[in-house]
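The values are calculated or read from the model by the stated rules, or taken from the named source; none is laboratory data. Note that the structure is a prediction, hence the values are computed from the model and not measured. When we count neighbours, we look across all protein chains shown, and the Cβ atoms used for this are built from the backbone with ideal geometry, even at glycine.
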């Protein structure tokens, strides 16, 4: 299924914690990999200015984001935070992922934030 992108979804995939130890004998911590951006369709579920204080303004919003499965892959399950940029509204901010659904028939991924 073809999506009609109106923005981009940016995220960093967490790496697995290495089972190795550093020179001092401490475990090496997991870190985030490089930031990836994929085209997506952003749908606003709710948005008002009465929510929590973010970036100098009050904001409470919920979005549904749809991407092609080949763009994000099944590795996306480990992602906890995403950043949305709308092509007209600009940066929408960084959000916590609430739910992820993989639709194999349409080869799309729907993310609720």
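For (1) surrounded by 10 or more Cβ atoms within 10 Å (Cβ to Cβ); (2) part of a loop (DSSP other than H, G, I, E, B); (3) touching a strand residue (DSSP E or B) at 6+ places or on another chain (Cβ under 6 Å); (4) at pLDDT 85 or above, each residue gets a yes or a no:
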| position | (1), (2), (3), (4) |
| --- | --- |
| 47 | yes, no, yes, no |
| 53 | no, no, no, no |
| 65 | yes, no, yes, yes |
| 71 | yes, no, yes, yes |
| 85 | yes, no, yes, yes |
| 92 | yes, no, yes, yes |
| 102 | yes, no, yes, yes |
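Residue 5 satisfies every condition listed in (1) surrounded by 12 or more Cβ atoms within 10 Å (Cβ to Cβ); (2) modelled with pLDDT of 85 or more; (3) in a strand (DSSP E or B) except (3). Whether a residue is surrounded by fewer than 16 Cβ atoms within 10 Å (Cβ to Cβ), in contact with a strand residue (DSSP E or B) (Cβ under 8 Å, 6 or more places away or on another chain), at pLDDT 85 or above and part of a strand (DSSP E or B) was assessed, and residue 37 passes this test. Selection of segment 22-34 for residues being modelled with pLDDT of 65 or more and within 15 Å of the chain's Cα centre (by Cα) yields an empty set.
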